[in-house]
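Scroll down for the structure; my scribbles are underneath it.
The values are calculated or read from the model by the stated rules, or taken from the named source; none is laboratory data. Remember, it's a predicted structure, so these values are computed and weren't measured experimentally. As a convention, Cβ positions derive from the backbone with ideal geometry for all residues, glycine included, and neighbour counts pool all protein chains shown. Ligands, DNA and RNA are stripped out before the accessible areas are found, and what is left, the full protein with its side chains, is counted by its heavy atoms. Shrake-Rupley method; radii C 1.70, N 1.55, O 1.52, S 1.80 Å.
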Number of protein chains: 2
Amino acid sequence: MAVLWHCQEVTETRTVGAVRQGSLRELNLAVVLRRIASTTRPPSRAEIAADTGLTRATVSAVVDDLIAGRLVTEADPAPRTGAGRPARGLLLGGTGPAGLGLEVNVDYLAACVVDLTGAVRHHEVRRIDLRPLSPADALTGLVDLAGRARAAADDAGLTLAGAALAVPGLVDARGLVRLAPNLGWRDVDVPGLLAGHPALTDPVDGVPPLVVENEANLAALGELHARPGGPESFLHVSGEIGIGAGIVLDGALFRGSRGWSGELGHVPVDPGGPTCRCGARGCLETYAGQEAVLAAAGLAGADLPADTAARRLADLAGSGDPAALAALRAAGTALGVAVAGVVNLLDLDTVVLGGGYATLAQWLCPPVLAELDDRVLTSGWSPVTVRPAALGAESAAVGGAGSVVRRIIARPSGWLSRPQ
Amino acid sequence: MAVLWHCQEVTETRTVGAVRQGSLRELNLAVVLRRIASTTRPPSRAEIAADTGLTRATVSAVVDDLIAGRLVTEADPAPRTGAGRPARGLLLGGTGPAGLGLEVNVDYLAACVVDLTGAVRHHEVRRIDLRPLSPADALTGLVDLAGRARAAADDAGLTLAGAALAVPGLVDARGLVRLAPNLGWRDVDVPGLLAGHPALTDPVDGVPPLVVENEANLAALGELHARPGGPESFLHVSGEIGIGAGIVLDGALFRGSRGWSGELGHVPVDPGGPTCRCGARGCLETYAGQEAVLAAAGLAGADLPADTAARRLADLAGSGDPAALAALRAAGTALGVAVAGVVNLLDLDTVVLGGGYATLAQWLCPPVLAELDDRVLTSGWSPVTVRPAALGAESAAVGGAGSVVRRIIARPSGWLSRPQ
DNA sequence: GCCATTTAATTCAACCACTGAACAAATTGC
DNA sequence: GCAATTTGTTCAGTGGTTGAATTAAATGGC
């Protein structure tokens, strides 16, 4: 009866390439696997069939392929229900492929391994000031961590299916780090430098390619990863020495045409404000960057790692220090102004404060929310949520590793047809 | 030999629902039709097969379906080439489905018909001040235009396959206009009000559903439509009484989670600036909105339609009037500040000035560019292009009609399986 | 304890759409 | 006129889904 119907079926089906015969199975593998990955309670084959509209016969055949490829396992104990033959629950395999997440940051290196279920199976952080080191030396240290991560994966029966490296800077499409100001890197060819290290290039099982990506972007994915039931679209703000943002839309990272999206630190907050090191005036970073906040709190000149600085500030603020409280309020207000612009533009309903901001969320949230309430046109209809990130400093490495397994879940045929 | 490879194959294949048997054909219809739509020179079946990777046999079968559905026709004169049997060119059909674009704005109503090829086959604008009218009366006038557009389509042998209505306000997912400040509308149920009008609801050939959408969003699509070879990602800024923006990413409109994206007018430019009618301080609209610019140019209180106001300003500026020039420079600078934030955040490389701004682009572009050069972090690597919109006031209606035909091209199976 | 009932999963013939090769069609060049 | 060449169609073959029938495994009533 609905003669007039407002439909908004944008991108219902969006396939780029041609659909050959085998693509059918390829696509249905992804459909079924996604369905299995999307819930905590293991679904049965029948349930998947009912949900997706596929036949039970097809689902069985597809699931057989997935089980053969160790992407899925059957739940041992039958989840007890009413009458009838008990369903056999299906869940993501804990022994199949896994993702390797790596991070190079100003004062630490990190590596972690995440399996298909999203569990972090290995995690190692090495504190080290990288600024005095050359990029090649820094990466040598990283290769060391990657090797141990690989060994841990092997021990656990996992096969690394890919790696993602988080870098605090602008990365181009070929993995070249164009600029990482806080590391002092410029035009560093990371894949080239890593090519000599066998642990990342040609180990067991046909090597994983390495993706190099901005740290704030991967940290945002980490948040997506850490809250399975959470929102699929949000802005993740990383407050480090600089301020980066990762934009997640419908569960996918928005990277911009060149992968350089998310430069929130240089969004103008007050066009007549102080001069930023980027040359412009009044960038957010001059108000809410680590240096500015520390200076305002009377801690100027303290050359601290990001998380130490945040913790020091939190301690001061917790003890009621007025300078620290004022500094945080000012930073929160500036952040709120910048984020209000983003929210007005993109119509997001969730903002996540990550990096150093996570530690300080208690003091930052109120002024941010106040600005959002004032400035977001649609805040009257549906308020914006602001909350601290679920993960801390490990966020980017975990997010990177998670992006590898997400890719496998999105397109399992690549893994299944790999050369054994 | 490329052992280490930076891959960024995001969303290579992204299908939401299950893939049933018939979906194969459904998807390939879209693949082939998109290929035909994407070039000016009509491709042959063989060429399509080579490009897409499908077999010539498959392409022939698919093309037969498309021709039967009047989506495609064969080019009459064989495009002469070297040896061999001459190819028969394929082009989009000029007599199949068409899109109906409608617009309700402060001082005019508009309707247009766009066919599959993108040609505007009918266009009518009716100047009328809608502010004193009730929404129902305004829509009655619109139905009138729609009826004539339908008649014109019928005469041309076209079948309207859908309609899109542009409204200068916030529209929710069900087509309810939550707020259209310049029309004085609030919570207007447009589909409900139109339901009684047969010309839009149940005419020939199983009625098209109507999509109600923000005017700035559809205007952005109009730009996409008017420049077939142009960039597929850009920010389109509509300078009217308010300032709206449409964000186009990879050829698709970005609507935000609720369709309320693009509120550029209320992005903060100077947090301590003048109070905006939205309640916040220093919104872009208080610097570059029509009212502010007219006031600064010494034309305060002139209650003009947007395009008249813009033309009046252009005349003044063209004759060297210092107040007008200063007003435009100030507006351009504020616009540049706001847009710089957007570009930093989304990594876009093209900004289109539309609506009244198109007329004034000559004076607005320089200050906008100057701010972008200063404030966009990546401007050193690849500069941002700022240019006037290709279409004028008709942009939103044409963009709406274009969105209907774009949807058909993206998913032709819906049209082909329609009840005859 | 046995059997009807119920739900889950598998098997199998049918069918749909793509595949690959062979073939027919239409033109150029010698 | 004939070989060469390229386009488009025909047709048997095949992969993968479909739908119904069948088997599997549990519950509950008597």
Notebook entry, point to check: If you scan the stretch A:12-24, which residues turn out to be within 12 Å of DNA strand C (Cβ to nearest atom), surrounded by fewer than 17 Cβ atoms within 10 Å (Cβ to Cβ) and facing chain B (nearest Cβ under 9 Å)?
Noted result: A:17, A:20, A:21
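Picking from A:37, A:30, A:61, which residue would you name as being more than 8 Å from DNA strand D (Cβ to nearest atom), surrounded by 13 or more Cβ atoms within 10 Å (Cβ to Cβ) and either over 28 Å from the mean Cα position of the chain (by Cα) or within 14 Å of chain B (Cβ to nearest Cβ) (or both)?
Working: A:37 fails: either over 28 Å from the mean Cα position of the chain (by Cα) or within 14 Å of chain B (Cβ to nearest Cβ) (or both); A:61 fails: more than 8 Å from DNA strand D (Cβ to nearest atom).
After ruling out the rest, the residue left standing is A:30.
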Check: Residues that are aliphatic (A, V, I, L, M) and either at pLDDT below 95 or open to solvent by 30 Å² or more (accessible area, probe 1.4 Å) (or both): which helices (runs of 4 or more DSSP H) entirely in the stretch A:277-332 hold 2 or more of them?
Finding: A:290-296, A:306-318
Check: Given (1) without any contact (Cβ under 8 Å) to a residue 60 or more places away in the chain; (2) within 14 Å of chain B (Cβ to nearest Cβ), where does residue A:148 come up short, assuming only one miss?
Finding: (2)
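Suppose we filter the stretch B:40-58 for residues that are near DNA strand D (Cβ under 10 Å from one of its atoms) and either more than 13 Å from chain A (Cβ to nearest Cβ) or not in a loop (DSSP other than H, G, I, E, B) (or both); how many remain?
First, the residues of the stretch B:40-58 that are near DNA strand D (Cβ under 10 Å from one of its atoms): B:42-50, B:55-58.
Restricting the remaining residues to those that are either more than 13 Å from chain A (Cβ to nearest Cβ) or not in a loop (DSSP other than H, G, I, E, B) (or both) gives B:42-50, B:56-58.
So the count comes out to 12.
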Next item on the list: Report yes if residue A:98 is within 13 Å of DNA strand C (Cβ to nearest atom), touching a residue at least 24 places away in the same chain (Cβ under 8 Å) and open to solvent by less than 70 Å² (accessible area, probe 1.4 Å), otherwise no.
Entry: no
Notebook entry, point to check: If you take the residues of the stretch A:331-367 that are in contact with a Gly (Cβ under 6 Å, 6 or more places away or on another chain) and more than 23 Å from residue A:166 (Cα to Cα), which of them is farthest from the other protein chains (Cβ to nearest Cβ)?
Noted result: A:364
